[in-house]
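**Student:** Quick one: the structure is below, questions incoming.
The values are calculated or read from the model by the stated rules, or taken from the named source; none is laboratory data. What you see is a predicted model, and the numbers here were worked out from it, not measured in a lab. As a convention, Cβ positions derive from the backbone with ideal geometry for all residues, glycine included, and neighbour counts pool all protein chains shown. The protein model used for the area step is the full one, side chains on, heavy atoms only, and it has no ligands, DNA or RNA in it. Shrake-Rupley method; radii C 1.70, N 1.55, O 1.52, S 1.80 Å.
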Amino acid sequence: MRPRKPTAKQVAYAAGVSLAAVSRAFAPNAPLDKEKRKRILAAADKLGYVSPARRTAEAITAGTVTLVAGDFSNPFYPMVLDSLSRKLQLSNRQLLVYALPSPSDVDRALSQILAARPKAVIVSSTQLTSSMARACRQHGIKIVFFNRTQSDGDFDSVTCDNYAGGRDIAQYLIAKGRRRIGFVGGIRDTSTHRGRARGFQDALKEAGHELHCQFDGAFDYRIGYQAATAALSGPTRPDALFCCNDVMALAAIDYAREKGLSVPDDVAIVGFDDIPMGAWRPYRLTTVRQPVEQMMDEAIDMIDAAADNKNQSGAVVRSLRGKLIVRSSA
């Protein structure tokens, strides 16, 4: 026979209090002597008692996954959100979303994330602080990085093969006869920027080309527009620009046309991500398509594998190849 679950009556007896006091002990705002509450909670912990309210909360959040993402003004992240929410719904799981435009907001949201007791946290477009990582581990919450890696921790991650994507773009532009090839980067300390930039520049060097110019665009439309202005206003403007994400590439196309340049005749422009508006007729952006659906499948598999094998050790990093999508901007 299965052992019976401990009851509130047993907790009351062990703590030497009334049954009503036990009920109040598990209601944070209920009036109860501090020492008495402490005694009741200690007795409950010793007996393995779980209050009805906590059982209900745990049942509700048993399959919850939290997505911690950066600024949703980048259309790539709504794509990620849509994919994740659809896949979790198919398995009757819930999704909580924390949008954190500033990296400093991660720890500010930590108490809310822990209070929700999610099964896992998927981190995208932000860095995880050591305090958040430690707290999640202490509470048995699985962490998976999406579209990025973090070198200072033992974390699973799933990414597009940014290095290969950067190489594909360089090789394509060279094959098209472009010789003055410029680069608009993202945020230099991110794995996405580093991988794309390294692959792009390595392929240029192998083909005997030097980078014509380089600017920082911070993965942002406004800053990308300023970078494109600097790149295309000089005396020897590039005949091709690889922008480290699509948002900056759209900004570059906008500026080029405002300046009276033809895209791609005067300057070819390539992005990375394949956001929906890149395919719009005014842009027809050549880009690398990230395999978002497959990447999200991998992230969910990592979460499920962690639940099945709690003693798993060592980080798992999965990198999926993107696809070069050729449109009229290049």
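**Student:** Does at least one position in the range 270-281 carry a residue that is free of Cβ contacts under 8 Å to residues at least 40 places away in the same chain, open to solvent by 30 Å² or more (accessible area, probe 1.4 Å) and part of a strand (DSSP E or B)?
**Tutor:** no
**Student:** Only one residue in Leu261, Leu232, Leu241, Leu250 is more than 28 Å from Asp154 (Cα to Cα) and touching a Lys or Arg at 6+ places or on another chain (Cβ under 7 Å). Which one?
**Tutor:** The unique qualifying residue is Leu232.
**Student:** Does Asp202 satisfy the condition of being over 20 Å from Pro75 (Cβ atoms) and either in a helix (DSSP H, G or I) or open to solvent by 10 Å² or more (accessible area, probe 1.4 Å) (or both)?
**Tutor:** Yes.
**Student:** In the range 162-189, what residues are crowded, with 20+ Cβ neighbours inside 10 Å and either within 19 Å of the chain's Cα centre (by Cα) or of a type in the set (Gly, Ala, Ser) (or both)?
**Tutor:** Asn162, Gly165, Gly166, Ala170, Gly182, Gly185, Gly186
**Student:** Here's a follow-up. Only residues in the range 153-176 that are free of Cβ contacts under 8 Å to residues at least 60 places away in the same chain count as the first member; pair them with residues that are outside any helix (DSSP H, G or I) and not basic (Lys, Arg), Cβ under 6 angstrom, at least 6 apart or cross-chain, and list the lot.
**Tutor:** Ile174/Ala207
**Student:** Checking the conditions here, which among Leu261, Leu250 is over 22 Å from Tyr77 (Cα atoms) and either in contact (Cβ under 8 Å) with a residue 12 or more places away in the chain or open to solvent by less than 60 Å² (accessible area, probe 1.4 Å) (or both)?
**Tutor:** Just a single option satisfies the conditions, and that option is Leu261.
**Student:** Still on this structure, please answer the following. If I filter the range 205-222 down to residues being in a loop (DSSP other than H, G, I, E, B) and touching a Gly at 6+ places or on another chain (Cβ under 9 Å), which single residue comes out as nearest to Asn162 (Cα to Cα)?
**Tutor:** Phe219
**Student:** If you don't mind, there's one more thing I want to ask. Can you tell me which residues in the range 78-97 are open to solvent by less than 40 Å² (accessible area, probe 1.4 Å) and closer than 20 Å to Arg117 by Cβ?
**Tutor:** Leu84, Ser85, Leu88
**Student:** From the list Val144, Val158, Val123, which one is open to solvent by less than 50 Å² (accessible area, probe 1.4 Å), within 24 Å of Ile223 (Cβ to Cβ) and in contact with a strand residue (DSSP E or B) (Cβ under 8 Å, 6 or more places away or on another chain)?
**Tutor:** Of Val144, Val158, Val123, the one residue that is open to solvent by less than 50 Å² (accessible area, probe 1.4 Å), within 24 Å of Ile223 (Cβ to Cβ) and in contact with a strand residue (DSSP E or B) (Cβ under 8 Å, 6 or more places away or on another chain) is Val123.
**Student:** Which numbered condition in (1) touching a residue at least 12 places away in the same chain (Cβ under 8 Å); (2) more than 30 Å from the chain's Cα centre (by Cα) is the only one that Pro235 fails?
**Tutor:** Every condition holds for Pro235 apart from (1).
**Student:** Ok, one more. Can you pull out every residue in the range 166-193 that is among the hydrophobic types (A, V, I, L, M, F, W, C) and not in a loop (DSSP other than H, G, I, E, B)?
**Tutor:** Ile169, Ala170, Leu173, Ile174, Ala175, Ile181, Phe183, Val184
**Student:** Now for a separate question. State whether the residues of the range 202-211 include one that is closer than 22 Å to Arg289 by Cα and among the acidic types (Asp, Glu).
**Tutor:** There is at least one residue in the range 202-211 that is closer than 22 Å to Arg289 by Cα and among the acidic types (Asp, Glu).
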